[in-house]
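This report refers to the structure that appears directly beneath it.
The values are calculated or read from the model by the stated rules, or taken from the named source; none is laboratory data. All values reported here derive from a predicted model rather than from experimental measurement. Neighbour counts run over all protein chains shown; Cβ positions are idealised from the backbone, glycine included.
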Amino acid sequence: MRTLLVLVALGVLGCAATPGPPQQAVIPPGKGELVLEAGGIESLEFTVSSQEDGKQVARIYGLRTYLDPGTYKIVVQTDLEDEIEIEDVEIVAGQERHVRVPVGRFMVNVFGVSSQQGVGARRVQIPFLVYDYGMRKVLGRGMTSLQVQHFVAREGMYKIRVTPTITTTGGQVMLHDIIRPIEVRFGMVYPVTIDLGALLPGREERGPGER
């Protein structure tokens, strides 16, 4: 899992990823260039291993790297417990090899209950779980942010689960179990907005773009 985000992944590699090399006008002699296409995502953490003997030759945080000619296996980390493996990537000297990575992004916005009438609710930090769409397995755990934050996942359908505790103005404690679907698509950011104030009696949940 990428260390810059809050979801915890299993099996973290022992060595740190290095930034990809700066793009040059000419590919270095005897090398080919691997370029990952990630639909607008600026950087990914990935490893490159020889397809022949399985030896890891590079671990990169970026989207491109120079490699010796050969056939490689690419393993891309996401913010879930799910690695994306791409095999049979052939690198030819003097050429770029573009590889599409089937990833997209999602964001989770949770707004708290405003204590003052007419005052807009603010983002709150609250833990959430990410499941496969059938909710058979937990794929990741995260924390919402007070700022805009994107999470990277393989293309597909998921569900998130948030279980907030809300105390009403009358002192009543209410526990809610909120489940929302997520559709992760290449080149897009899927937003999920949860308004905790809408869970109180007599309130309606706002749309994704409403504050």
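Below, the figures for the structure above:
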{"quantity": "Qualifying residues in the stretch 63-79 (those that are free of Cβ contacts under 8 Å to residues at least 40 places away in the same chain and part of a strand (DSSP E or B)) - the one farthest from the chain's Cα centre (by Cα)", "calculated": "Gly70"}
{"quantity": "Scan of the stretch 144-169 for residues that are surrounded by 14 or more Cβ atoms within 10 Å (Cβ to Cβ), modelled with pLDDT of 90 or more and part of a strand (DSSP E or B), ordered by number", "calculated": "Phe151, Val152, Ala153, Arg154, Gly156, Tyr158, Lys159, Ile160, Arg161, Val162"}
{"quantity": "Search result, residues across the stretch 35-62 that are more than 15 Å from the chain's Cα centre (by Cα) and in a loop (DSSP other than H, G, I, E, B)", "calculated": "Gln51, Glu52, Asp53, Gly54, Lys55"}
{"quantity": "Residue that is more than 19 Å from Pro19 (Cβ to Cβ) and either among the small types (Gly, Ala, Ser) or touching a strand residue (DSSP E or B) at 6+ places or on another chain (Cβ under 8 Å) (or both), where the choices are Leu80, Leu63", "calculated": "Leu80"}
{"quantity": "Enumeration of residues in the stretch 30-62 that are touching a residue at least 60 places away in the same chain (Cβ under 8 Å) and farther than 19 Å from Gly187 by Cα", "calculated": "Gly30, Lys31, Gly32, Glu33, Leu34"}
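Quick grid of which residues meet (1) at pLDDT 95 or above; (2) among the hydroxyl-bearing types (Ser, Thr, Tyr); (3) surrounded by fewer than 16 Cβ atoms within 10 Å (Cβ to Cβ); (4) touching a helix residue (DSSP H, G or I) at 6+ places or on another chain (Cβ under 7 Å):
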site	(1), (2), (3), (4)
Thr47	yes, yes, no, no
Pro69	yes, no, yes, no
Glu85	yes, no, yes, no
Arg100	yes, no, yes, no
Phe111	no, no, no, yes
